[in-house]
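The structure appears below as structure tokens.
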Amino acid sequence: AYIVKSTNKDELIIHLIWCLYSSWWGGVQMGPPDPILGVTEAFKRDTNPKKMNLGVGAYRDDQGKPFVLSCVRKAEAIITSKQLDKEYLPIGGLGEFSKACAELALGADSEVLKSGRNITVQTISGTGSLRIGANFLSRFHGGPLDVYLPKPSWGNHTPIFRDAGMQLKAYRYYDPSTCGFDFKGALDDISKIPEQSVIMLHACAHNPTGVDPRPEQWKEISDIVKKRNLLVFFDMAYQGFASGDIDRDAWAVRYFIEQGHNIVLSQSFAKNMGLYGERVGGFTVVCNDAEEAKRVESQLKILIRPIYSNPPMNGARIAATILNTPDLRSIWLGEVHGMANRIIKMREQLVAGLKKEGSSHNWQHVIDQIGMFCFTGLKPEQVERLTKEFSVYMTKDGRISMAGVTSGNVGYLAQGIHAVTK
Amino acid sequence: IVPLAVSVNRFEVPQAAPVAVFKLSQDFSNDQFPQKVNLGVGAYRTDEGQPWVLPVVKKVEKIIVHDDRLNHEYLPILGLPEFRSSASKIALGDDSPAIQEDRVGAVQCLGGTGALKMGAEFLRRFYNGNNNTKTPVYVSAPTWENHNAVFANAGFDDVRPYKYWDAENRGLDLAGFLGDLESCPEHSIFVLHACAHNPTGTDPTQEQWMQIADIMMRRKLFVFFDSAYQGFASGSLEKDAWAVRYFVSMGFEMFCAQSFSKNFGLYNERVGNLTIVAQDADNLKRILSQMEKIVRTTWSNPPSQGARIVAITLNSPELFSEWKDNVKTMADRVLLMRAQLKAKLQALGTPGTWDHITEQIGMFSFTGLNSKQVEYMVKEKHIYLMASGRINMCGLTTKNIDYVAESIHETVTMVQ
């Protein structure tokens, strides 16, 4: 019932009709559930005590519990004791954070940092960084607004770039016959990309496949990308998390810069610091010189302001405290190493378990792949069975989050995978 | 051989102008004059001129830090459920029939800006057909300077002003406002300031809101409230939400972008909420599902710290009470500064009328100083205010109010 202030009968009737039949939103369709986050929601509804959530990429300890890093707790205690105010951050975020963020990726001795020819802004984790980057390229990139993603790539890459007004294309990456890198296919496709297009590279721990190029392969990719004069967009969401070593995981990014690529780079601290919900990330543009960097910075601010004005403090403050306090940084490096190691161990145990079950398949790729995710090679029907019969939740593409595997459930997982693949 | 850089000047990137309000703060920072006063940026200050972390916020932050059950996991895409529901209740009232009818939903966003952004993106896609790039969006003349950019960036090509401020009479141009409502294209979107209009501090009266609502209902105009100062304006949550609640009771399907930056002092934690009032639960469900898609490609899921602080506070009777006291403390200090500034100007015999200083409400006051006078204030008196003549009342303290009053007096007499 609506309160209508009118005594005019016609007006009342018209209003009633309008109320009964019209809503602004009558034509709004129900949106499809997000494939990745939807998996967790289905998992929550399942009552099977043996259920496993291998969907979203959030680290779990060996008890299957979320892990708050001790360096994070220590940093939080320090921050609380400082009794800081809550004044707005600058549009580009917390300066100490952006600086440390760039150093982490590029290396403290990077010529780029010394010459000040990078601009690094704090962003809303990896997604926010990619979105700002996409918006920036959409507005300022002089070349074709085509982004070439590896096939496959993180599901959210496509809608992010599309929403920003860019077109999505692909280059071969994953070889399903080997569950490894299709090096020849990648080089072949990249060599045909129109000049000045944008190419997206996963810096390490490729999502969703876990398949990374080897250094010699990165070198050839760099060469061909240079020949084609492509703009490189690195997505680095797992620095430290892949091999356990911060510098090793940033090798490709640093190599490309040394080779003269003026890259753009997205970083996330969701996984490597366990700061998922605090939304901590960075976006970097490597420019020709400091003057160009200043101009780019001014335009990034113009892009950021109408989206969220300025970024959230809490997570950036935690990350900056950790990175800039030697003791905490040490602890952090150890904890990242620990997380990466546990995952490597689970990979090994899964393969051992599958062998024990009597699987005749070759599961070497489970060990060769790196980072949080494993592209099992399971087909959609097998995934469906694994979910329905064993309550093991994963994405349809056969991707599992190794972080959800524990020494307590790896045997059960091996059983399930063997059952649907024998 | 070290290869040269791959490309030269791939980006044709011109230097962009800095955002005015931040440049003002920067100039103030660089100024060495001992009696300088910053009446620019929109954040609360104590009588010592310091930022103020609300006591209730400090308390709740301690609770959070010591609660081992809490972690840093991702929030759901639409945000912390207990934040969303309690925040909407603040805007609409605990006993809101719309909430009871299950037709109110919300999206936790990054501050008020983020809430406006999400609402704008949704409207552009779905409001009146599935491409609203040409649908006019009306913002008040003047308005918060970021309104234009938020809607333009969301894809609206036609962002226009509606008459609002009557500079001559220093009040609301009601006739102009109503006239624009009558003459605009049907289905236009209107951004309304729920209370404490930024930058003028001039709000419609209840009777005037009723007139505005009537026309908007009749002409099928979309109601998009921007509520950044609830509680902060009058000191009363209910009073400051009157317009929003009236429009809900009229039966509008509407959006309300809420900010908790000022009333919780949580500026840098980016706590906002887009409250959605739909016709029914089914509509709401579909709307929220599409909102999720928009959120996912912008920031995936919102930051947890600020939302937790607000949710814990609003959901505990004791803490909620303490918060309301903190809010009243801020609102009362602003009201005191308004009263004192007006009194001092009148005592000085400053030319002009100064009633508008106490008639206006909230953080800001449109002094009526023209740009030449503003320039004089900044350059000669080292008092920093926006070129529009807008001052932030929070920048006034018992220690600087005499200097400010005298400076205004001097400026108005010397500069025309």
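The values are calculated or read from the model by the stated rules, or taken from the named source; none is laboratory data. None of these values were measured; they are calculated from a predicted model. With ideal geometry, Cβ positions are generated from the backbone for all residues, glycine too; neighbour counts draw on all protein chains shown. Only protein heavy atoms, including side chains, enter the accessible area calculation; ligands, DNA and RNA are left aside. Shrake-Rupley method; radii C 1.70, N 1.55, O 1.52, S 1.80 Å.
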task: Scan region A:48-75 for residues that are surrounded by 21 or more Cβ atoms within 10 Å (Cβ to Cβ), in a helix (DSSP H, G or I) and more than 9 Å from chain B (Cβ to nearest Cβ) and jot them down.
output: A:71, A:75
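Quick test for you: out of B:128, B:153, pick the one residue that is open to solvent by 40 Å² or more (accessible area, probe 1.4 Å), closer than 17 Å to residue B:254 by Cβ and at the interface with another protein chain (Cβ under 9 Å from one of its Cβ atoms). Don't jump to the end; show me each part of the working.
On the way: B:153 fails: closer than 17 Å to residue B:254 by Cβ.
Exactly one residue qualifies, and that residue is B:128.
Which residues, counting only those in region B:262-287, are within 15 Å of the chain's Cα centre (by Cα) and facing chain A (nearest Cβ under 8 Å)?
To start, the set of residues in region B:262-287 that are within 15 Å of the chain's Cα centre (by Cα) comprises B:262-268, B:270-275.
Within region B:262-287, B:265, B:266, B:267, B:268, B:270 meet the criteria.
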- prompt: Checking residue B:320 against (1) assigned to a helix (DSSP H, G or I); (2) within 14 Å of chain A (Cβ to nearest Cβ); (3) in contact with a Leu (Cβ under 6 Å, 6 or more places away or on another chain), which test does it fail?
  reply: (2)
- request: Looking only at region B:288-302, decide whether some residue is within 9 Å of chain A (Cβ to nearest Cβ), open to solvent by 20 Å² or more (accessible area, probe 1.4 Å), under 23 Å from residue A:163 (Cβ atoms) and in contact with a strand residue (DSSP E or B) (Cβ under 9 Å, 6 or more places away or on another chain).
  value: yes
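Can you find, within region B:167-217, the residue that is nearest to residue B:249 (Cα to Cα) among those that are part of a helix (DSSP H, G or I) and small (Gly, Ala, Ser)? Walk me through it before giving the result.
Taking region B:167-217 first, the residues part of a helix (DSSP H, G or I) are B:174-183, B:206-217.
Those left that are additionally small (Gly, Ala, Ser): B:175-176, B:179, B:183, B:213.
Details: B:175: 24, B:176: 25, B:179: 24, B:183: 25, B:213: 11 Å.
Among those that are part of a helix (DSSP H, G or I) and small (Gly, Ala, Ser), it is B:213.
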statement: Restricting attention to region A:78-105, the residues that are free of Cβ contacts under 8 Å to residues at least 40 places away in the same chain, assigned to a helix (DSSP H, G or I) and within 11 Å of chain B (Cβ to nearest Cβ) number exactly 2
- line: Residue hits (region A:388-414; open to solvent by 30 Å² or more (accessible area, probe 1.4 Å) and free of Cβ contacts under 8 Å to residues at least 60 places away in the same chain) are A:388, A:389, A:411
query: If the Cβ limit is 7 Å and pairs must be 6+ apart or interchain, which residue in region B:29-55 that is away from chain A (no Cβ under 12 Å) pairs with which residue that is surrounded by fewer than 13 Cβ atoms within 10 Å (Cβ to Cβ)?
result: B:47/B:398
task: Spot the failing condition for residue B:171; the list is (1) at positive phi; (2) open to solvent by less than 20 Å² (accessible area, probe 1.4 Å); (3) over 16 Å from the mean Cα position of the chain (by Cα), and only one is missed.
output: (1)
task: Would you be able to tell me the number of residues in region B:323-373 that are surrounded by 22 or more Cβ atoms within 10 Å (Cβ to Cβ) and in contact with a Pro (Cβ under 8 Å, 6 or more places away or on another chain)?
output: 2
message: Among the residues of region B:115-125, are any within 11 Å of chain A (Cβ to nearest Cβ) and without any contact (Cβ under 8 Å) to a residue 24 or more places away in the chain?
response: no
- prompt: Does at least one position in region B:327-342 carry a residue that is at pLDDT 95 or above, out of contact with any helix residue (DSSP H, G or I) (no Cβ under 6 Å at 6 or more places or on another chain), in a helix (DSSP H, G or I) and within 14 Å of another protein chain (Cβ to nearest Cβ)?
  reply: yes
- prompt: Among the residues of region A:77-85, is any surrounded by fewer than 22 Cβ atoms within 10 Å (Cβ to Cβ) and charged (D, E, K, R)?
  reply: yes
message: I need the full set of residues from region B:70-98 which are more than 14 Å from chain A (Cβ to nearest Cβ), under 15 Å from residue B:288 (Cβ atoms) and surrounded by fewer than 22 Cβ atoms within 10 Å (Cβ to Cβ), in order please.
response: B:85
message: So for region B:224-247 (the condition being over 30 Å from residue B:45 (Cβ atoms), of a type outside the set (Lys, Arg), surrounded by fewer than 18 Cβ atoms within 10 Å (Cβ to Cβ) and in contact (Cβ under 8 Å) with a residue 12 or more places away in the chain), does at least one residue qualify?
response: yes
task: Could you tell me which residue of region A:159-190 is surrounded by the fewest Cβ atoms within 10 Å (Cβ to Cβ), considering only residues that are part of a strand (DSSP E or B) and in contact (Cβ under 8 Å) with a residue 60 or more places away in the chain?
output: A:180
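With respect to residue A:194, is the statement that it is part of a loop (DSSP other than H, G, I, E, B), closer than 19 Å to residue A:368 by Cα and more than 14 Å from chain B (Cβ to nearest Cβ) true? If you could, list the steps in order and put the result at the bottom.
Details: part of a loop (DSSP other than H, G, I, E, B): yes; closer than 19 Å to residue A:368 by Cα: no; more than 14 Å from chain B (Cβ to nearest Cβ): yes.
Judged against the criteria, residue A:194 is not a match.
Wholly within region B:74-152, which helices (runs of 4 or more DSSP H) include no fewer than the required count, namely at least 1 residues that are under 19 Å from the mean Cα position of the chain (by Cα), of a type in the set (Val, Ile, Thr) and more than 27 Å from residue B:165 (Cα to Cα)? Break it down stepwise before answering.
Working: elements: B:81-92, B:97-100, B:111-126.
Those helices (runs of 4 or more DSSP H) span B:81-92.
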- line: Selection from region B:177-194 of residues open to solvent by 10 Å² or more (accessible area, probe 1.4 Å) and touching a strand residue (DSSP E or B) at 6+ places or on another chain (Cβ under 8 Å) yields B:179, B:180, B:187, B:193
query: From the set of residues in region A:126-156 that are away from chain B (no Cβ under 11 Å) and assigned to a helix (DSSP H, G or I), which is surrounded by the most Cβ atoms within 10 Å (Cβ to Cβ)?
result: A:133
Residue among B:283, B:273 that alone is surrounded by fewer than 24 Cβ atoms within 10 Å (Cβ to Cβ) and either of a type outside the set (D, E, K, R) or without any contact (Cβ under 8 Å) to a residue 12 or more places away in the chain (or both): B:283
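I need the full set of residues from region A:1-47 which are within 30 Å of residue A:412 (Cα to Cα), part of a helix (DSSP H, G or I) and either at pLDDT 80 or above or open to solvent by less than 90 Å² (accessible area, probe 1.4 Å) (or both), in order please.
Matches in region A:1-47: A:36, A:37, A:38, A:39, A:40, A:41, A:42, A:43, A:44, A:45.
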- line: In the set B:67, B:102, the lone residue that is of a type in the set (Asp, Glu) and either buried (at least 20 other Cβ atoms within 10 Å of the Cβ) or free of Cβ contacts under 8 Å to residues at least 60 places away in the same chain (or both) is B:67
- request: Exactly one condition in (1) out of contact with any helix residue (DSSP H, G or I) (no Cβ under 7 Å at 6 or more places or on another chain); (2) surrounded by fewer than 24 Cβ atoms within 10 Å (Cβ to Cβ) is not met by residue B:319; state its number.
  value: (1)
Qualifying residues in region B:19-35 (those that are open to solvent by 60 Å² or more (accessible area, probe 1.4 Å) and not in a helix (DSSP H, G or I)) - the one nearest to residue B:232 (Cα to Cα): B:35
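Going by the structure shown, is residue A:115 within 14 Å of another protein chain (Cβ to nearest Cβ) and open to solvent by 40 Å² or more (accessible area, probe 1.4 Å)? If you could, list the steps in order and put the result at the bottom.
Working: within 14 Å of another protein chain (Cβ to nearest Cβ): yes; open to solvent by 40 Å² or more (accessible area, probe 1.4 Å): yes.
Yes.
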